[in-house]
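*Asks:* My questions all concern the structure below.
The values are calculated or read from the model by the stated rules, or taken from the named source; none is laboratory data. These numbers come from a predicted model, not from an experiment. A quick note on method: Cβ atoms are made from the backbone with ideal geometry, for glycine too, and the neighbour counts reach across all protein chains shown. Side chains are part of the model used for accessible areas, which takes the heavy atoms of the whole protein and leaves out ligands, DNA and RNA. Shrake-Rupley method; radii C 1.70, N 1.55, O 1.52, S 1.80 Å.
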Amino acid sequence: MTWKSMPPAEVCDIMDFWIAAPWPMPEAEAQQRAVERFGWTIEVDNDTPYLMNTVSNFTTADVMTVDVKNVMRELSLDTSDTIRDVTPESTAFLSDSFTLMVREGEAKWGKPALRDFEKAKTARWNVDGGARVTFNFSPRGLSARFETPQGAEVERKLGDV
């Protein structure tokens, strides 16, 4: 079985794009920027627009966007295929890919805050402008999350430093 993951430089470039964006902005504007910059698509279901990363051709294409009162708070996307049948080989593949993503992130944003849970790992950076970037590893796949300065501030106030 072969699995795909996004090249680490591409993941970091996507996060750098969002770090440099003029926050705050509405969800619709963020989605349109993603379409223009990355070639992603917007699909509408029940009058709700959903951002899709159809370019990477991963198992899961949706890009989760969260807004509160029409102000973007965060954006999360898969950076690898979703592993249905977890094996030692698939876990090794994801672990290696995660390690390379973290190294690339460290070269760009400095040393991350690392958390190692029983079966999951995260690397998180506080980046320019008050935003946050998090890379996630689980035995089922890799993902990246960008918290806008507004979203990160809410989390900090809740005690999630």
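*Asks:* Just how far, in whole angstrom, is segment 82-98 from segment 45-62 if you go by their alpha carbon centroids?
*Replies:* 23 Å
*Asks:* How would segment 89-129 be classified by its alpha-carbon gyration tensor: rounded, prolate or oblate, with rounded meaning a/c under 1.5 and the a/b versus b/c comparison settling the rest?
*Replies:* Numbers: a/c = 3.57, a/b = 1.69, b/c = 2.12.
Taking the square roots of the gyration eigenvalues as a ≥ b ≥ c, segment 89-129 is oblate.
*Asks:* Okay, moving on. Summing -39500 (n - 2.57) over the DSSP H runs of n ≥ 4 in the chain and dividing by its residue number, what mean residue ellipticity at 222 nm do you reach, to the nearest 500 deg cm²/dmol?
*Replies:* Numbers: 4 runs with 56 residues, N = 161.
Using -39500 (n - 2.57) per qualifying helix, the result is -11000 deg cm²/dmol.
*Asks:* Evaluate E = 1/(1 + (r/R0)^6) for PHE117 and GLU43, where r is the Cβ-Cβ distance and R0 equals 30 Å; express this FRET efficiency to the nearest 0.05.
*Replies:* On the way: r = 32 Å, r/R0 = 1.08.
About 0.40, to the nearest 0.05.
*Asks:* Compare ALA123, ALA20, ALA34 in a GNM of the chain, Cα atoms joined below 10 Å, and give the one with the largest fluctuation.
*Replies:* ALA20
*Asks:* For the chain, give the magnitude of the charge dipole about the Cα centre (Cβ charges: +1 Lys/Arg, -1 Asp/Glu; no others), in debye to the nearest 20.
*Replies:* Values: 18 positive and 26 negative charges, 104 e Å.
That gives the chain a dipole magnitude of about 500 debye.
*Asks:* Got a sec? Charge dipole of segment 1-64, +1 on Cβ for Lys and Arg, -1 for Asp and Glu; which of PRO22, ASN57, SER5 is way out at the positive end?
*Replies:* So the residue furthest toward the plus end is SER5.
*Asks:* If R₀ is 25 angstrom, what is the calculated FRET efficiency for the pair GLU36 and GLU155, using the beta carbon separation as r and rounding to 0.05? It would help to have the intermediate numbers written out before the result.
*Replies:* Values: r = 28 Å, r/R0 = 1.12.
E between GLU36 and GLU155, to the nearest 0.05, is 0.35.
*Asks:* Right, here's the next one. In percent, how large is the relative contact order of the chain, given Cα pairs closer than 8 Å and 6 or more residues apart? Don't skip to the end; give the middle numbers.
*Replies:* Numbers: 278 pairs, mean separation 38.8, N = 161.
Once normalised by length, the contact order is 24 percent.
*Asks:* Next question. Can you pull out the chymotrypsin sites (Phe, Trp or Tyr not before Pro) in segment 108-161 whose DSSP state is coil and whose Cβ has at most 14 other Cβ atoms within 10 Å?
*Replies:* Numbers: sites: TRP109, PHE117, TRP125, PHE135, PHE137, PHE146; in loops: PHE117.
Answer in residue order: PHE117.
*Asks:* Now a separate question. How much of MET25 can a 1.4 Å solvent probe reach, expressed as accessible area in Å² and rounded to 10?
*Replies:* MET25 has an accessible surface of roughly 0 Å² with all protein chains in place.
*Asks:* Efficiency by 1/(1 + (r/R0)^6): what FRET value for ASP16 and GLU89, r their Cβ-Cβ distance, R0 = 30 Å, to the nearest 0.05?
*Replies:* Values: r = 32 Å, r/R0 = 1.05.
So, using R0 = 30 Å, E works out to roughly 0.45.
*Asks:* Shape call for the chain from the C-alpha gyration tensor, a ≥ b ≥ c root eigenvalues: rounded (a/c under 1.5), prolate (a/b greater than b/c) or oblate? Working shown, then result.
*Replies:* On the way: a/c = 1.75, a/b = 1.21, b/c = 1.45.
Cα axes put the chain in the oblate bin.
*Asks:* With the full set of protein chains in place, find how many percent of the accessible area of the chain is carbon and sulfur; take the probe as 1.4 Å. Don't skip to the end; give the middle numbers.
*Replies:* Working: 4410 of 8670 Å².
Using a 1.4 Å probe with all protein chains present, the chain comes out at 51 percent carbon and sulfur.
*Asks:* Multiplying the sequence separation of ARG103 and THR59 by 0.36 nm and subtracting their Cα-Cα distance, what value in nm do you get? Let's see the in-between values first.
*Replies:* Details: separation 44, 0.36 × 44 = 15.84 nm, distance 2.46 nm.
Roughly 13.4 nm would be gained on extension.
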